[in-house]
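The values are calculated or read from the model by the stated rules, or taken from the named source; none is laboratory data. Nothing here was measured: the structure is a model prediction, and the numbers come from that model. Every residue, glycine as well, gets a Cβ built from its backbone with ideal geometry; the counts of neighbours run over all protein chains shown.
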Amino acid sequence: MRNDTILLADDHAVVRAGIRNALQDLPNLEVIGEVGDGPALMTALAERRPDCLLIDLTMPDFEPLLAIHQIRALYPQMKILVVSAYDDNIYVQELLRAGVDGYHLKDQSLNDLRLAVQRILGGEKWISSRLLDKLVSTSSSRPPGPSLTGRQRDILRLLQQGLDNQTIARQIGLSVKTVENHLTRLYRQLDVQSRLEAVNFVMQHPELLGLPGQSAALAQVETGTPPQCVTVLVVDDNARYRRQLRRMVGKACPQAIIYEAEDTREALQLTERLVPQLVLIDVVLGDEDGIRCTRRIKAQAPSSRVILISAYPDREFHRLGLAAGAVAFLDKKDLDTATLRQVVADVIV
């Protein structure tokens, strides 16, 4: 029987030795390496491909949130167990969202650590009991923040992906100083102190990222009847096209609340929290597959109406898309306000 392999990452050799000793008697388990900083970790992961990474996030040359996002993307099947002395529930929630499989506190017993490793390798999740109480008691009654500008929503979305200020600046075409100024104002508006708290706030209030098509109040005045709100999710890896499609949806349906995602992971997170009535998905999402994204969204939210779009329509794509649960396959060049108005009308009916 093949042994499960573990890589230990902690900048204190004595801690690594203690963990190694605690795990050495577990059956079918082998510690295949130890590292003490960020660069050594990335090298060891590439060379050794462990089944499980057991990691303390306070290592030199290591940006925890960004690194965990990168590691999860590079090694989607590997288990990640954080072993840390830091018990802030906001920090823990963000790491869980980034893809770690467990979070264990260093001051817990070594027997608990052994159990955590076994549970993680067995496909379960693990959170130290003391943290569970804090996570469960986290207040969800905090009032949502004020209305945000489109630029602020873009920055929050990129924060959720774990990007640093320089990367955010490059992606949206601003200077780093301007991004920092936006973040300062955002923190003040949301009444938070850090990027982790800002991301956690948005997780609790995902409606903040929704952009109204136009003013619903104005629509009510003009028609004399309350507009029916429609939740729309646009999934496309091209930010410019997402904005273009968002504007078209807004013109077609002023009462729509429109959300954006650039990849499957972000789309599934929004779907879980919002259950959108209409989802527009590009067939090609960078290196990902929009048809697979469709299948996963339909499994998570069967009531969502999914429409696949593509600049390169193909009969086989059409067949596979419908088999995955999409209700239609549209050519991007045929998408206009009139078509989208009919698409939304089909959802409302």
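Can you pull out the residues in the stretch 250-263 that are surrounded by 23 or more Cβ atoms within 10 Å (Cβ to Cβ) and either in a helix (DSSP H, G or I) or not β-branched (Val, Ile, Thr) (or both)? Scanning the stretch 250-263 gives Cys253, Ala256, Tyr259, Glu260, Ala261.
Note on the stretch 15-38: residues that are under 19 Å from Gln108 (Cβ atoms), touching a residue at least 12 places away in the same chain (Cβ under 8 Å) and of a type in the set (D, E, K, R) total 2. Identify the residue in the stretch 219-241 that is in a loop (DSSP other than H, G, I, E, B) and at pLDDT below 85 and, among all such residues, is farthest from the chain's Cα centre (by Cα). Filtering the stretch 219-241 for residues that are in a loop (DSSP other than H, G, I, E, B) and at pLDDT below 85, the one farthest from the chain's Cα centre (by Cα) comes out as Gly224. The residue pairs whose first member lies in the stretch 316-341 and is surrounded by 16 or more Cβ atoms within 10 Å (Cβ to Cβ), whose second member is assigned to a loop (DSSP other than H, G, I, E, B), and whose beta carbons are closer than 6 Å, counting only pairs six or more residues apart or on different chains, are Phe317/Val283; Lys332/Ala311. For Glu34, are the conditions met, namely being touching a helix residue (DSSP H, G or I) at 6+ places or on another chain (Cβ under 7 Å), closer than 15 Å to Ile6 by Cα, charged (D, E, K, R) and assigned by TED's automatic domain parsing to the domain that holds Val100? So Glu34 fits the description; yes.
Residues in the stretch 165-186 that are at positive phi and surrounded by 14 or more Cβ atoms within 10 Å (Cβ to Cβ): none. In the stretch 292-324, of all residues being in contact with a strand residue (DSSP E or B) (Cβ under 6 Å, 6 or more places away or on another chain) and part of a loop (DSSP other than H, G, I, E, B), the one that is farthest from Thr231 (Cα to Cα) corresponds to Pro313. Considering the conditions (1) at pLDDT 90 or above; (2) at positive phi, Asp61 is excluded by exactly one of them, (1). Would you confirm, using the coordinates I've provided, whether Leu174 is over 22 Å from Leu270 (Cα atoms) and assigned to a loop (DSSP other than H, G, I, E, B)? When the stated conditions are applied, Leu174 passes them. Selection within the stretch 187-198: residues that are within 16 Å of Gly162 (Cα to Cα) and of a type outside the set (Ser, Thr, Tyr). The member of this set that is surrounded by the fewest Cβ atoms within 10 Å (Cβ to Cβ) is Glu197.
Could you check, for the stretch 277-288, whether at least one of its residues is surrounded by fewer than 16 Cβ atoms within 10 Å (Cβ to Cβ), modelled with pLDDT under 90 and either charged (D, E, K, R) or farther than 27 Å from Asp154 by Cβ (or both)? Yes, because at least one residue in the stretch 277-288 is surrounded by fewer than 16 Cβ atoms within 10 Å (Cβ to Cβ), modelled with pLDDT under 90 and either charged (D, E, K, R) or farther than 27 Å from Asp154 by Cβ (or both). Among the residues of the stretch 300-339, those identified as closer than 19 Å to Ala267 by Cα and β-branched (Val, Ile, Thr) are Val306, Ile307, Ile309, Val327.
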